[in-house]
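Data block below; observations after.
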Amino acid sequence: MNDQESTGEAAAEPDIPQRRNFFAGLVTIILGAIAGLVPIGAGLAVLFDPLRRRNQDGRNQSGGDFVRITTLKMVNADGLPQRFPVIKDRVDHFSRFPEMPVGMVYLRQTGPDEVVAFQADCPHLGCKVDFLPQREQFSCPCHASYFELDGTRIGASPSPRSLDTLDVEIRTGDAGEAEVWVRFEEFKTGEATKISK
Amino acid sequence: MMGLLNWLDDRTGIRGIIHETLYERVPGGARWRYVWGSTLAFTFFVQLVTGFFLWTAYSPSSLTAWESVYYIQHEMTGGWLLRGIHHFTAQAMIVLMVLHVFQVVIDGAYKAPREINFWLGLVLMLIVLGLSLTGYLLPWDQKGYYGTKVATEIAQNTPLVGSTVQQLLVGGSDYGHQTVSRFFALHAGLLPALMIGVLGLHIALFRRQGLTAKDPDRKPDVYFWPDQLLRDVVACLAVLAVILFFCVRGAWSEPETTGVVATLGAELGSPADPAVDYSAARPEWYFLFLFQFLHYFGKDQQVMASIVYPSLVIVILFLMPIVGRWKLGHRFNVVFLFALLLGVVYLTGRAIQADYYPPIAPAKPSQEDGVAMSDWKKEYDQWEKEYQHYTTFQKGSKYEKWKSHRAVELAEQGIPAGGMLELLRNDPKTQGAVLFKTYCAGCHTHTAADVDLPPGHEFTSATPTGANLYRFGSYEWIRGILDPQKIVTSDYFGATEAHAEGEMVGYVVDDMEIDDADLVNVAHALAADADRPDREPVGEDLLEAGRTTIVEEGCVDCHQYGDEGDLGSAPDLTDYASRQWLIDLVSNPAHERFYEYVDDGRRMPAFHDSPDDPAQNILRQEDVELIVDFLRGDWYRSKHGRAATPPPAAAADAEAAQRADAAAAQPADDDVEPAAAGKPEEATTGEADAEAQ
């Protein structure tokens with residue numbers, strides 16, 4: 001045993017015939033791969049869980065239902081856009097938050113019973129756009145995209161498309177008052193056309 | 001390809017490294033006994049991998065830790081498997097580590113020149129124990145919370161630095177957000193980093209010094225690759241198979257036998273609640289011996305038992321290479337290690353026995369033998385203590401299992417911002433039962449002799465002075481009070497001071513002239529107003545007939561019922577036993593709608609009669625509502641009686657299917673409810689008594 005103990009580096013030198021045992025090597029590699037892949041596989045399943053969930057779990061997806069934003073009276077009659085929060089139930093994985101702000105829309109009255117709604121997220125990279133009353137333009141504070149009052153993209157803006165419009169319905173509330181309902185949706189950024197997230 | 005390899009080799013010497021790694025010399029040929037070190041390295045690899053992926057889904061804070069682990073375990077694809085592997089690999093590591101240490105000591109592999117490597121190994125062992133301890137807390141469930149609390153309280157007992165260390169560990173004087181984040185930083189940051197470093201040194205030194213061959217001349221030497229590595233890999237696979245077995249074992253456990261719903265992977269208890277005791281708090285099984293060890297020491301010796309003695313053992317382990325220089329010293333080391341193992345096994349066994357097996361009561365000696373009598377008295381006292389310990393643990397763990405299952409059921413609805421604890425504290429089935437036990441069960445029973453109760457709804461009052469409230473307001477309950485034989489029993493008015501010989505009893509027993517068919521209708525009509533969630537609907541014509549009977553056959557002579565009759569001489573039958581009626585009754589039974597006519601001393605106390613002055617009330621409004629909802633069986637019922645953790649895909653499908661016919665989703669899952677919910681004190685004790693005698 002003593003000579004082994006003192007061998008150190010020398011042991012690495014192959015003074016014994018190298019066994020060309022192809023089969024043993026192959027089996028070792030296969031079994032080793034199995035042993036390693038089991039924990040990695042279980043981990044990847046969890047890691048990719050969000051991809052699988054996306055289409056199946058409609059709970060948190062936008063698109064679906066109309067949300068009451070405000071009463072028609074609250075929207076400026078002068079046609080200038082105004083920001084409103086969108087209040088609805090939100091599910092964040094294990095947490096459920098009833099009635100909380102989940103986004104922002106601009107409402108703009110265009111006729112006695114006509115309101116246009118814009119998603120406040122910039123179609124470029126999703127920053128919230130501002131409205132500049134003195135220029136009567138929307139502007140994105142991040143990369144300087146500009147949009148007209150009607151949402152049309154202005155010339156050299158990096159945004160690939162105009163502001164995203166949302167479906168609007170004017171409904172009569174319980175108290176008989178006209179209410180603005182919007183189908184709140186989020187869209188993919190960076191695309192030339194509106195694609196639901 | 002070859003060119004690339006040459007390029008790489010020129011710059012890194014990769015060929016040499018690979019060659020050195022694979023062509024390690026194995027003196028005396030490849031053997032199974034050399035595999036343990038490799039299996040340990042493999043389990044560490046598994047922990048790093050699974051730990052990283054768990055990290056991607058874990059949220060360390062006291063409001064999200066349990067919640068995110070719940071999500072991993074019950075919602076995410078493969079989450080239960082990932083968590084199960086991580087949990088059981090941790091335990092496998094402990095077992096393999098013990099084997100490894102034993103082999104090294106028995107073979108004398110700690111002797112020169114391998115002393116330093118032995119010490120590195122011991123450092124690794126301490127790191128692994130640290131990982132176990134910190135990991136146990138992270139799910140933030142009752143068992144992790146209380147188990148770890150004990151450990152940090154022990155740290156506090158360390159002379160001089162104790163309380164500083166504890167505060168630093170816990171992140172303040174109380175457990176909270178920072179306790180979770182600090183333990184997580186240790187568990188996923190510092191300790192694994194140390195482990196990688198020390199393990200690297202350990203393996204490098206091992207390679208430098210070579211294998212300690214048991215029998216170098218047994219066979220010709222071979223290389224590590226492929227002969228020894230094949231054996232190592234097979235051993236690692238075997239270890240993995242055992243781990244996987246433990247992960248899926250829950251699939252075979254039947255709810256009837258275990259009292260719990262089968263779970264796959266690792267257990268997740270109910271969320272940590274500093275306000276609720278957990279009488280079954282235990283450390284992980286491999287720390288049980290330390291837990292048990294503390295039992296044998298008085299209050300003055302706790303520091304010795306929890307810190308000094310364990311530290312001494314570690315010191316002796318570290319001294320082994322030095323002691324082992326002498327032949328006798330080596331023998332001492334081996335004997336010491338076996339003695340230690342024996343002690344640990346004994347203590348662990350005792351701890352398990354005390355928790356899981358009822359002690360046998362000593363037989364009473366015959367009267368005349370005075371000496372034997374006093375011995376028996378002593379033995380009996382000891383038995384009583386042990387018995388107490390056993391029942392406390394059993395009750396605590398049954399309740400905890402029930403509650404953890406309930407928590408998972410409730411979490412299906414989505415967890416509020418206040419965390420799972422908020423949901424659990426507002427659940428009538430859980431919290432209502434607790435409140436009922438505290439405030440109502442002194443007088444009221446909540447069980448019926450002729451009904452097979454779902455466990456957890458039984459409270460037997462030793463000296464009932466009120467009615468049995470099990471399914472109060474149901475058709476059966478109301479039909480019973482209108483039965484001359486039943487109304488006089490303690491299930492109804494028999495045990496009450498105010499009503500046992502009151503007018504209602506007199507009327508039902510002697511004067512009632514309503515025939516049975518009409519009584520059935522009356523009971524249905526009243527039960528319809530009570531509107532318990534578990535009511536079976538009956539035809540409107542029966543209800544109408546019942547209402548007519550109430551008005552025409554004399555009930556309204558004493559009771560008010562809608563527009564008929566007057567208040568003052570009997571409780572209001574309008575919406576009798578409905579939620580609001582019950583809330584009003586419990587809040588203030590002295591109201592004229594209820595028992596104003598009964599003397600103060602003989603009436604149920606008012607639990608919430610000063611809405612404007614909260615300090616005057618026995619219970620808060622919310623608590624009254626919880627009790628009422630508990631009595632009415634009005635609580636969340638699982639959408640899918642989650643018998644076992646289904647594979648998440650199946651769960652999602654099931655959920656979709658359930659949504660489709662949500663109306664039909666009123667499962668009678670209460671009947672297969674797990675254990676023991678609430679407080680089966682009496683029941684459990686009774687059974688156990690029988691066993692013990």
| remark: If we keep only residues of the range B:466-493 that are touching a Lys or Arg at 6+ places or on another chain (Cβ under 9 Å) and outside any helix (DSSP H, G or I), then the residue most open to solvent (accessible area, probe 1.4 Å) is B:Arg471
| A:Val180 is checked against (1) at pLDDT 95 or above; (2) β-branched (Val, Ile, Thr); (3) open to solvent by 50 Å² or more (accessible area, probe 1.4 Å) and fails just one. What number does that condition carry? | (3)
| field | Residue check for B:Arg114: basic (Lys, Arg), out of contact with any Asp or Glu (no Cβ under 7 Å at 6 or more places or on another chain) and within 30 Å of B:Pro274 (Cβ to Cβ) | value | no
| remark: Of the candidates B:Tyr296, B:Tyr309, B:Tyr278, the one satisfying the condition of being of a type in the set (Ser, Thr, Tyr) and buried (at least 18 other Cβ atoms within 10 Å of the Cβ) is B:Tyr278
| remark: Out of (1) under 32 Å from the mean Cα position of the chain (by Cα); (2) open to solvent by 50 Å² or more (accessible area, probe 1.4 Å), the one B:Trp326 does not meet is (1)
| query | Within the range B:188-205, which residues are open to solvent by less than 80 Å² (accessible area, probe 1.4 Å) and either more than 39 Å from the chain's Cα centre (by Cα) or of a type in the set (Ser, Thr, Tyr) (or both)? | reply | B:Ile203, B:Ala204, B:Leu205
| Of all residues in the range A:48-60 being closer than 16 Å to B:Ala57 by Cα and facing another protein chain (nearest Cβ under 7 Å), which is modelled with the highest pLDDT? | A:Asp49
| the range B:72-95 - residue that is open to solvent by 10 Å² or more (accessible area, probe 1.4 Å) and within 24 Å of B:Gly176 (Cα to Cα) and, of those, farthest from the other protein chains (Cβ to nearest Cβ) | B:His87
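Out of all the residues in the range B:102-115, is one or more among the aromatic types (Phe, Trp, Tyr), under 20 Å from B:Tyr34 (Cα atoms) and within 14 Å of another protein chain (Cβ to nearest Cβ)?
The initial filter retains those residues of the range B:102-115 that are among the aromatic types (Phe, Trp, Tyr), namely B:102, B:110.
Restricting the remaining residues to those that are under 20 Å from B:Tyr34 (Cα atoms) gives B:102, B:110.
Checking the rest, the ones that are also within 14 Å of another protein chain (Cβ to nearest Cβ) come to B:110.
Yes - at least one qualifying residue is present in the range B:102-115.
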| query | Assuming B:Val165 fulfils every condition listed in (1) open to solvent by less than 50 Å² (accessible area, probe 1.4 Å); (2) modelled with pLDDT under 95 apart from one, which condition is it? | reply | (1)
| remark: Within the range B:19-33, restricting to residues that are assigned to a loop (DSSP other than H, G, I, E, B) and more than 10 Å from chain A (Cβ to nearest Cβ), the one that is modelled with the lowest pLDDT is B:Gly29
| Every pair of residues 6+ apart whose Cβ atoms lie under 7 Å, when the first sits in the range A:18-47 and is more than 7 Å from chain B (Cβ to nearest Cβ) while the second is open to solvent by less than 10 Å² (accessible area, probe 1.4 Å) and modelled with pLDDT of 95 or more | none
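Of all residues in the range B:214-245, how many are open to solvent by less than 30 Å² (accessible area, probe 1.4 Å), in contact with a strand residue (DSSP E or B) (Cβ under 9 Å, 6 or more places away or on another chain) and part of a helix (DSSP H, G or I)?
At the first step, the residues of the range B:214-245 found to be open to solvent by less than 30 Å² (accessible area, probe 1.4 Å) are B:216, B:222-223, B:226-228, B:232-233, B:235-236, B:239-240, B:243.
Now narrow it down to the ones that are in contact with a strand residue (DSSP E or B) (Cβ under 9 Å, 6 or more places away or on another chain): B:222-223, B:227-228.
Pick out the ones that are also part of a helix (DSSP H, G or I) and you get B:227-228.
The qualifying residues number 2.
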| field | the range B:115-169: number of residues that are on the phi > 0 side of the Ramachandran plot and more than 18 Å from the chain's Cα centre (by Cα) | value | 1
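The values are calculated or read from the model by the stated rules, or taken from the named source; none is laboratory data. Here the structure is a predicted model, which is why all the values come from computation and not from measurement. Reconstructed Cβ throughout: ideal geometry from the backbone, glycine too, with neighbour counts over all protein chains shown. Please note that ligands, DNA and RNA were not included when accessible areas were found on the heavy atoms of the full protein model with its side chains. Shrake-Rupley method; radii C 1.70, N 1.55, O 1.52, S 1.80 Å.
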